[in-house]
Amino acid sequence: MSTLIVNGGRKLDGRVSVHGSKNSVLPILAATIINSGTSVIHNCPKLRDVDAAIDILKYIGCRVFVDGDTVTVDSKNAANFEIPYNMMREMRSSVIFMGAMLAGMRKAHVFTPGGCELGARPIDLHLSALRALGAHIHEEGGKIKCEAGRMRGRDIVLAFPSVGATENTMLTAVACEGKTRIINAAREPEIEDLQNFLVSMGAEVSGAGSSTIVIYGGKKLHDTEYEVIPDRICAATFLCAAAICGGNVSVGNVIPEHIETVTSIIDSIGCSLSIKGRDITVRCPERPSAIRLVRTMPYPGFPTDAQPPLMALATKCNGTSMFVENIFDGRYRHVSGLSRMGADIKVEGNVAMVCGVKTLFGCPVEATDLRGGAALLIAAMAAEGKSEISKVCHIDRGYAAIEKSMCALGADVKRV
């Protein structure tokens, strides 16, 4: 298992480009099942979660070809409707195959998914929505057997704007006769990206980005070619790294409006931001001001995935920053690693108070989840001395060769 060796204390300078969105490409890859044809996906990042999704596609009978950041999926021979536990456990987003397989294959036998342990993330909203559309679902011992009954569109009201439940409902509704409305839908940019992909293959979907999505199902679908949006959380991580380490960094291939809640905070703590097209340049002082208050919320609120990197930044800010985590009850698992480096953090329930310190110190730490691992990395880059970050497999789920990107900016990070 890989380890990242970080010699900290170096200012960052230069330009780095953001890869395709992890949270977009996974449901899009699942959606390639639906058209029973060929889908060409560009800007597909080389990530562990993407590899896991491709393995699932191959297992169910798709032919998959990878050429750089382009993935071609031929799903016309997809016929195996049962995904084994060892594949499902590799990533949380594997649950999205349930809706795609129901739409494309009329059956889906899956297990409750794996991925990062960030607390309770039940899929009851997914199951109730699919049942409402006409799916027959039987749960037993962690296995979920779904079969398409008389699938008809209808209004689906989500109790919470869950991204995964919204995506699974969209994918299933594409194959349902009639009109489906998803009310209180998630509004994340990745939802809009999935809509645009489905439209590119002939589906009739509108409203993504708002709280109501409308799908007219049963349309004839066709082959498609599509480019995935840039990864907004990757962009936020690079910006936080620039701010904690200081220097002058340009982050390219960004859609700035997707990370306005992050850039507004970085601007407010004394960093200088310049936005030109899809480039964001940040110049940061030796020690930024405290962040004050961050509350994670569904989009367009502050993203929970950006909270750990921002907390790493807060550990060296001048003053006290406050975080309120409203999405995942296990999202503070990186705190113990930051504290080992000398950070002053107190957690009570879903609230974390971060008193900035002048100096962090390198030490051995362990990545316990994807975004927490990224937080430990950027803290180690700003710390004095050497750090060793183990269980890098978690970081690799969402960042493509992150050590190469950081080294391109002048950091000293090696993978061993």
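The values are calculated or read from the model by the stated rules, or taken from the named source; none is laboratory data. Values in this document were obtained by computation on a predicted structure and should not be read as measured data. A quick note on method: Cβ atoms are made from the backbone with ideal geometry, for glycine too, and the neighbour counts reach across all protein chains shown.
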* **Options 10, 89, 106; residue that is buried (at least 17 other Cβ atoms within 10 Å of the Cβ) and not β-branched (Val, Ile, Thr)** => 10
* Asked: For the stretch 402-412, what are the residues that are under 26 Å from residue 91 (Cα atoms) and over 16 Å from the mean Cα position of the chain (by Cα)?
  -> 403, 404, 405, 406
* To do: Would you confirm whether any residue within the stretch 373-394 is buried (at least 24 other Cβ atoms within 10 Å of the Cβ), charged (D, E, K, R) and assigned by TED's automatic domain parsing to the domain that holds residue 288?
  => no
* Asked: Does residue 337 satisfy being crowded, with 18+ Cβ neighbours inside 10 Å and more than 25 Å from the chain's Cα centre (by Cα)?
  -> no
* Structure fact -> Turns out the strands (runs of 3 or more DSSP E) fully within the stretch 1-70 with at least 1 residues that are farther than 22 Å from residue 375 by Cα and hydrophobic (A, V, I, L, M, F, W, C) are 38-42, 63-67
* Structure fact -> Per the filter on the stretch 36-60, residues in contact with a Lys or Arg (Cβ under 9 Å, 6 or more places away or on another chain) and not hydrophobic (A, V, I, L, M, F, W, C) are 36, 37, 38, 45, 48, 49
* Within the stretch 299-331, how many residues are over 14 Å from the mean Cα position of the chain (by Cα) and not in a loop (DSSP other than H, G, I, E, B)? -> 11
* **Check on residue 309, buried (at least 21 other Cβ atoms within 10 Å of the Cβ) and either charged (D, E, K, R) or closer than 22 Å to residue 254 by Cα (or both)** => yes
* Structure fact -> Filtering the stretch 133-161 for residues that are small (Gly, Ala, Ser), within 23 Å of residue 83 (Cα to Cα) and modelled with pLDDT of 95 or more leaves a count of 2
* To do: Please enumerate the residues belonging to the stretch 26-52 that are under 17 Å from residue 221 (Cβ atoms) and without any contact (Cβ under 8 Å) to a residue 12 or more places away in the chain.
  => none
* Unmet criterion (only one of (1) at pLDDT below 95; (2) in the same structural domain as residue 306 (by TED's automatic domain parsing)) for residue 12 -> (1)
* Asked: With respect to residue 55, is the statement that it is without any contact (Cβ under 8 Å) to a residue 60 or more places away in the chain and either of a type in the set (Asp, Glu) or closer than 14 Å to residue 226 by Cβ (or both) true?
  -> yes
* **the stretch 135-183, residues that are acidic (Asp, Glu) and within 13 Å of residue 106 (Cβ to Cβ)** => 147
* Asked: What is the number of the single condition among (1) in contact with a Phe, Trp or Tyr (Cβ under 6 Å, 6 or more places away or on another chain); (2) surrounded by 15 or more Cβ atoms within 10 Å (Cβ to Cβ) that residue 52 does not meet?
  -> (1)
